[in-house]
Every structure is written in C-alpha cells, then in structure tokens.
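Okay, so here's the structure we're looking at.
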Amino acid sequence: MDWGRCYRQGDTPWEKGEPHPELPFLLERYRELFAKSDRLLIPGCGFGHDAALIAGTAGGEIEGLDIAKEAVMEAKEKYPMENISWQCGDLFEWSEGKEGAYDLVWEHTCFSAIPPETRLNYAVAMASLIRQNGYLLGVFFPNPDHPAEDGPPFHVSVAELHQLFDKDFLLEWSAEPSKTYESRQGRGRELSMLWQRK
Ligand SMILES: C[S@@+](CC[C@H](N)C(=O)[O-])C[C@H]1O[C@@H](n2cnc3c(N)ncnc32)[C@H](O)[C@@H]1O
C-alpha cells in the first residue's frame, strides 16, 4: 500500500478532520495514566488530530509517527505544539534502539491499516517499545461486517487480538466506544482496549 500516494491524491477515507470521538472519554477515564506518561507514541498518526488532543492532557513528550511524509508534513503544519514531535518512519523499524522507551502507545487505525500478515510484527514492536507495566491503549477494529481480505481497514477478531497480545500484555479493560464517527456508527465495528505490558 502506497500511503504517500493516497495522501497526495486525497484518497483518504479515514481522514475525518477531527480526533476519534471517544478520545475525550478515554482521556478523562485514564487522566492519570496520560498525565503520568513521560513518553507517548502514536503510530500511524495521519494528520495528527488525536495526538493534538492528547497533547492537551498528557504530561510528557508525544511522538506522532507516520510512514507517509505527506501526513507528517500536514500534521506538523496543523499542530506545531511544543510537546509533540512529528516523525516520519516505519513502525516496524522504530523499536531499534528504543526498547522500553514508551510509557504509553495510543493506537487508532494503524493496526487495522497494516496487512494482516504483519500483525505479529506489530505486536512484537509494541512489546519492544513499551516499558514493563506501560500501556497500549487504543480503538481496535473488529468490524464484523467487513471481510478481512477487503481492506484496509482489515477486520480482526477479538480472539486474534488475544493470540497476538496475550504473551506480552494483559488485557485490563475493553468496551465498545460510546461515541464514534458517523460513518462507523451502529455496527459494533470498534472496540476500545487497554493492554498493560507484562
Ligand atoms: C488508515 S490511516 C489512519 C491515520 C490516523 N490514525 C487517522 O485515524 O486519521 C493509517 C495510517 O498509518 C500509516 N502507516 C501505515 N503503515 C505504517 C507503518 N508501517 N509505520 C508507520 N505508519 C504507517 C499510514 O501512512 C496512515 O497515515
């Protein structure tokens, strides 16, 4: 998938111009967790709406990471905030030299965007990047109406999420978001999850 080309051509159906509608609730529910995190990573940050909202609550340094330089440039221009550094890079190579560097990772439509055969690499990268007792918080995409082969976004079952993450993470909490974008409403497509690194 050529993400840069999608951004250049404006072929970005995921781009809603605002943070995930459930994020304010999660920021409130996990206020202390965000406040106490010194270093946060947001992989596949796109235009950075989530990162910018998180930056208002989080106490530490936030890194918005995206493989597409077009997305990073737009995020940088839109949200030139002091506590966010915008990074262009591949998540799968990001952990080199950064083992245990992050207290918290925010996941939203990065996992569902990557090819399903690379999911184990994603789980390995998360386990490497997040420190012991750190957290992976995110909105995942079980999306039962959307066949796996017909992505991105790619469907994932809850059972597969457990297969991928149970080795290094403990599921602390999960719930269907009470708010989401209009185009994703009413179909049980999303699941908020908080995983703690063992
Ligand atoms: C579906 S978009 C979601 C963007 C953003 N999270 C949002 O909701 O607006 C997926 C994003 O992940 C980025 N991406 C895909 N593979 C990546 C990788 N291996 N490393 C870093 N970013 C990646 C793409 O460039 C794209 O911006």
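Remarks
- Other-chain or far-sequence residues with amide H under 5 Å of residue 169's (modelled H): 198
- Region 1-61: translational diffusion in µm²/s, Stokes-Einstein, Kirkwood Rh over Cα pairs, 25 °C, 0.890 mPa s: 191 µm²/s
- Take the Cβ atoms of residue 5 and residue 182, set R0 to 30 Å, and the FRET efficiency comes out at 0.65.
- Which of 58, 138, 106, positive extreme of dipole for region 21-197 (C-beta unit charges): 58
- Working from the Cα coordinates of region 1-117, the gyration tensor eigenvalues give, after taking √(5λ), semi-axes of 22, 17, 14 Å in decreasing order.
- Between residue 160 and residue 133, the simple label model (points 7 Å from Cα in the Cβ direction) yields a spacing of 3.4 nm.
- Close amide H pairs (under 5 Å, H built 1.01 Å from N) link residue 135 with 104, 105, 197, residues at least 5 positions away or on another chain.
- Label-point gap, in nm, between residue 98 and residue 25 - each point 7 angstrom along Cα→Cβ: 3.0 nm
- D_trans [Stokes-Einstein, Kirkwood Rh over alpha-carbon pairs] for the chain, 10 °C, 1.306 mPa s, µm² s⁻¹: 95 µm²/s
- Size of electric dipole in the chain: Cβ of Lys, Arg +1 and of Asp, Glu -1, about Cα centre, debye, nearest 20: 320 debye
- Listed residues 14, 162, 44: farthest to the positive end of the dipole of the chain (Cβ charges): 162
- Calculated from the alpha-carbon coordinates, region 75-161 shows an Rg and a Dmax of 14.4, 41 Å respectively.
- Pairwise Lys count, region 21-197 - Cα closer than 24 Å, eight or more residues apart or different chains: 5
- Computed [θ] at 222 nm, deg cm²/dmol, the chain (DSSP H ≥ 4; -39,500 (n - 2.57); rounded to nearest 500): -8000 deg cm²/dmol
- Only beta bridges with both residues in the chain are counted; by DSSP, about 40 percent of them are antiparallel.
- Magnitude of the charge dipole, region 1-116, Cβ model with Lys/Arg +1 and Asp/Glu -1, debye to 20: 160 debye
The numbers here are math on the coordinates, done by the rules we state, and not lab data. Quick caveat: nothing in here was measured; it's all calculated off a predicted structure. Neighbour counts are summed over all protein chains in view; Cβ atoms, including those assigned to glycine, are modelled from backbone coordinates with ideal geometry.
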